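Trainee: Pasting in a structure now, in structure tokens, and then I'll have a few things to ask.
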Amino acid sequence: MRAPDQTGVRPAGEPPRPPVHAGSEPAPIWPTVLGVLSIVLGVETIVSGAGWLEARIILNAVGLGDGAPTVGGLRAAILLGMRAWQVLDAILLIVAGALLARRRPAGGALHVIYAVARIAELLALPFARWMGYSDVWVSDYRIYMTAQAVGSTLIGLAFPIFLLVWFRRPDIRRHLAAYRRVEARQFWRPTPGSAWPAALGVVALVGAAAAVLTTVVTVGIHVAMRHVIELGGSWEFPGPLVWLWHLWRNLGLSLLAGTGGLWLLHRRRAGGALLMVYACLAALTTAASPAVEPILYEYPKLYFSWRFLLMRIPYLLIGLVWPVFLMVWLLRGRIRRQMRGWGRRGRVRP
């Protein structure tokens, strides 16, 4: 490697240096972390956002439904329209995340546009659920789905509001404006290997927090419907085994993943080990769910058919993507050597 020229004259063939920072500050990793998080959240919305009833609407429309009553007409159009809105917002978030990770100034502007569109979508979701589920076969299901939409709105508003606050900060806006210079964009690209612990840790933390909050909202809805609204008749409340299974999937595994993500952010080797344990347990739990859940929830015989498997297999494959990715990533030789170099408390070994 050629020694730097002390005369101030740039050697022939050397690319021009950026006019700012002059190499005195490390490259910030927040664009990479936030870009990766946006891509993951967008993909997650597309692949797992559709509910069971929306899937039934589509399958019944093409003649592959299970024959159970469902909504139709204008109500089906309302539900499918909300789903299309979600998908469009998710695609916008993926594009914004990819541009931000590549240090493009348009990434910040697209994040702001997404935040505004997402807030409008979340505010409209409870009203769409209330109108769309007005003629389902279980009357109390309409109240449950609307209450679930209210909880999803409260949880989902956190990320777009964070984006609006983050991209209004003066230092962030100056940083994005500097990306219009190609030289600065290349200069500020983080060193390979420096951003993945922060990105993976943040994704694990956000996913764990979302799952924990969703569990709290679900428990609150069931308690409210049982003791406050006092619904009965067609509404069936889950038994203790169902609650244990639900708490394990959404609370136990989430706490394990969140702890591993937090330690990974601090460059602790235990963070990688905890995420590996989480990935193995999550993969086993997801693979066992098609056999366990019909027994716990006491599904009627109608569900034990090839149509039931047709609807469950995609959810099974989607649920395996994240734990399998973690196992493959953390078992890579380069990643393992890098984690061993952190030491026990995140300090890089000399």
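Trainee: Give me the helices (runs of 4 or more DSSP H) completely within region 168-233, filtered to those with at least 1 residues that are in contact with a Gly (Cβ under 7 Å, 6 or more places away or on another chain), at pLDDT 85 or above and not aromatic (Phe, Trp, Tyr), ordered by residue number.
Mentor: Result: 196-223.
Trainee: For region 35-61, which residues satisfy the criterion of being surrounded by fewer than 18 Cβ atoms within 10 Å (Cβ to Cβ), of a type in the set (Gly, Ala, Ser) and modelled with pLDDT of 70 or more?
Mentor: Selection gives Ser48 alone.
Trainee: Go through region 62-83 and give me each residue that's assigned to a helix (DSSP H, G or I) and either modelled with pLDDT under 80 or within 30 Å of Leu176 (Cβ to Cβ) (or both).
Mentor: Gly73, Leu74, Arg75, Ala76, Ala77, Ile78, Leu79, Leu80
The values are calculated or read from the model by the stated rules, or taken from the named source; none is laboratory data. Keep in mind the model is a prediction, meaning the values are calculated, not measured. We place every Cβ from the backbone using ideal geometry, glycine too, and count neighbours over all the protein chains shown.
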